[in-house]
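Everything on this sheet refers to the single structure shown next.
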Amino acid sequence: MSHRVGIVVPTLGTRKEYLLECLRSIREAGNADASAHVVIVAPESFDCSELISQGLVHGTVCDPGEGLAGAINAGFTSMPESVEYINWLGDDDLLAAKSLDFTYSFLDKNPDSLMSFGACDYIDASGEVVWTNRSGSFAVKLLRFGPDLIPQPGSLFRRSAFWQVGGLDTSYKWAFDFDLFIKISKIGGVSYLSKTLASFRWHPESLSVEFRKMSVAEASRVRVSHLPTFLKPISFVWEHPVRLATLIAGNRLTKVGKKKAK
């Protein structure tokens, strides 16, 4: 069967229960044309044979050792030519039921849109919803001067647009998705869909939580890099408050999650 949708799942293979939940959610997210070709990018030692036999994965790629962005790029490179729409999903995150049907159908009917995204639930380690990101279309306008409010899980973008902007920049450890969104928004439409499309697991092991300060600083570098040259020297005027507000929001979310876990 040829697939027009492709999902890459980068993993170290250390969270098998979460990984199984993740892969099953991808299967439940799309039927017929929106059924995804799923590729796992993992260390050479990871045995994926059982996942392939269960029909949860179509193939594996050995992690090239170029960071998370490099692993995801390698996964997309391995996709068959039939794949037109792509995204990646963390091995502890989830797609909502029928979400790929929804995003695939939208992009198929709206050729001027290069990428779509929707609302995203933030869940704790046990799967309880802590908060829901419903940033809306305003998040696109905010990209170059404010925090990245576009949820990456559940988004879907055209493979052609992804490679047109050069794929993920491997010089970034955390904010490569932010950089990608800005680049895509410069060449075409980015559309918000009023529907919850995914769940992002917010827990201490998540990279964006554990290394919050470093990821916020890197996001600042991304924003400044995309500014017109004449604005870069004065970017500190708004960058400091944006970074501070982002850190405060993340800390508050963590506190809410801890209270619900008690």
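When the residues of the range 34-49 are narrowed to those that are over 19 Å from the mean Cα position of the chain (by Cα) and surrounded by 12 or more Cβ atoms within 10 Å (Cβ to Cβ), which ends up nearest to P80 (Cα to Cα)?
Among those that are over 19 Å from the mean Cα position of the chain (by Cα) and surrounded by 12 or more Cβ atoms within 10 Å (Cβ to Cβ), it is C48.
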Legend entry - Filter pass, I150 being part of a loop (DSSP other than H, G, I, E, B), more than 19 Å from G75 (Cβ to Cβ) and modelled with pLDDT of 95 or more: yes
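Would you mind finding the one in L114, L193 that is farther than 28 Å from E66 by Cα and outside any helix (DSSP H, G or I)? Full working, then the answer.
On the way: L114 fails: farther than 28 Å from E66 by Cα.
None of the others qualify; the one that does is L193.
Quick one: which of F200, F181, F157 is within 15 Å of the chain's Cα centre (by Cα) and either assigned to a helix (DSSP H, G or I) or at pLDDT below 90 (or both)? Before you say what the answer is, go through the steps one by one.
Values: F200 fails: either assigned to a helix (DSSP H, G or I) or at pLDDT below 90 (or both); F157 fails: either assigned to a helix (DSSP H, G or I) or at pLDDT below 90 (or both).
Answer to the check: F181.
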Inset, instruction - Could you tell me whether any residue of the range 169-176 is outside any loop (DSSP other than H, G, I, E, B), touching a residue at least 40 places away in the same chain (Cβ under 8 Å), buried (at least 18 other Cβ atoms within 10 Å of the Cβ) and not hydroxyl-bearing (S, T, Y)? - result: yes
Inset, instruction - Considering every residue within the range 77-87, establish whether at least one is assigned to a strand (DSSP E or B), in contact with a helix residue (DSSP H, G or I) (Cβ under 9 Å, 6 or more places away or on another chain) and of a type outside the set (A, V, I, L, M). - result: yes
Legend entry - Given (1) more than 18 Å from R158 (Cβ to Cβ); (2) surrounded by 18 or more Cβ atoms within 10 Å (Cβ to Cβ); (3) β-branched (V, I, T); (4) more than 16 Å from the chain's Cα centre (by Cα), number of the condition I52 does not satisfy: (2)
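May I ask you to list the residues in the range 155-168 that are buried (at least 17 other Cβ atoms within 10 Å of the Cβ), touching a residue at least 60 places away in the same chain (Cβ under 8 Å) and closer than 22 Å to S105 by Cβ?
First, the residues of the range 155-168 that are buried (at least 17 other Cβ atoms within 10 Å of the Cβ): 155-159, 161-162, 165, 167-168.
Still in the list and also touching a residue at least 60 places away in the same chain (Cβ under 8 Å): 155-159, 162, 167-168.
S155, L156, F157, R158, R159, F162 - these are the residues of the range 155-168 that are buried (at least 17 other Cβ atoms within 10 Å of the Cβ), touching a residue at least 60 places away in the same chain (Cβ under 8 Å) and closer than 22 Å to S105 by Cβ.
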Inset, instruction - Residue by residue through the range 95-111, note down the ones that are outside any helix (DSSP H, G or I) and loosely packed, with under 15 Cβ neighbours inside 10 Å. - result: A97, N110, P111
Inset, instruction - For A74, state whether it is closer than 27 Å to G189 by Cβ and either surrounded by fewer than 14 Cβ atoms within 10 Å (Cβ to Cβ) or in contact with a strand residue (DSSP E or B) (Cβ under 8 Å, 6 or more places away or on another chain) (or both). - result: no
Inset, instruction - Inspect all residues belonging to the range 67-85 and state whether any of them is more than 19 Å from R159 (Cα to Cα) and at pLDDT below 95. - result: no
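With the requirement that a residue be closer than 21 Å to F106 by Cβ and either among the acidic types (D, E) or under 18 Å from the mean Cα position of the chain (by Cα) (or both), what does the range 1-33 give you?
Filtering the range 1-33 for residues closer than 21 Å to F106 by Cβ gives 2-8, 25-33.
Answer for the range 1-33, where residues must be closer than 21 Å to F106 by Cβ and either among the acidic types (D, E) or under 18 Å from the mean Cα position of the chain (by Cα) (or both): V5, G6, I7, V8, S25, I26, R27, E28, A29, G30, D33.
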Legend entry - Condition broken by N87, with the remaining ones in (1) under 24 Å from A249 (Cα atoms); (2) buried (at least 20 other Cβ atoms within 10 Å of the Cβ) satisfied: (1)
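Take the range 233-258 and flag every residue that is hydroxyl-bearing (S, T, Y) and modelled with pLDDT of 85 or more. I'd like the intermediate steps shown before the answer.
Start the filter on the range 233-258 by keeping residues that are hydroxyl-bearing (S, T, Y), which leaves 235, 246, 254.
Once the filter is applied, which keeps residues that are hydroxyl-bearing (S, T, Y) and modelled with pLDDT of 85 or more, the range 233-258 yields only S235.
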Inset, instruction - Scan the range 34-58 and report the pairs whose first residue is farther than 20 Å from I72 by Cβ and whose second residue is surrounded by 17 or more Cβ atoms within 10 Å (Cβ to Cβ), with Cβ atoms within less than 6 Å and a gap of 6+ or a chain change. - result: A34/V5; A34/L100; A34/D101; A34/Y104
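Would you mind stating whether G167 is out of contact with any His (no Cβ under 6 Å at 6 or more places or on another chain) and at positive phi?
Values: out of contact with any His (no Cβ under 6 Å at 6 or more places or on another chain): yes; at positive phi: yes.
Judged against the criteria, G167 is a match.
The values are calculated or read from the model by the stated rules, or taken from the named source; none is laboratory data. Remember, predicted model here, so these are calculated numbers, not experimental data. Neighbour counts run over all protein chains shown; Cβ positions are idealised from the backbone, glycine included.
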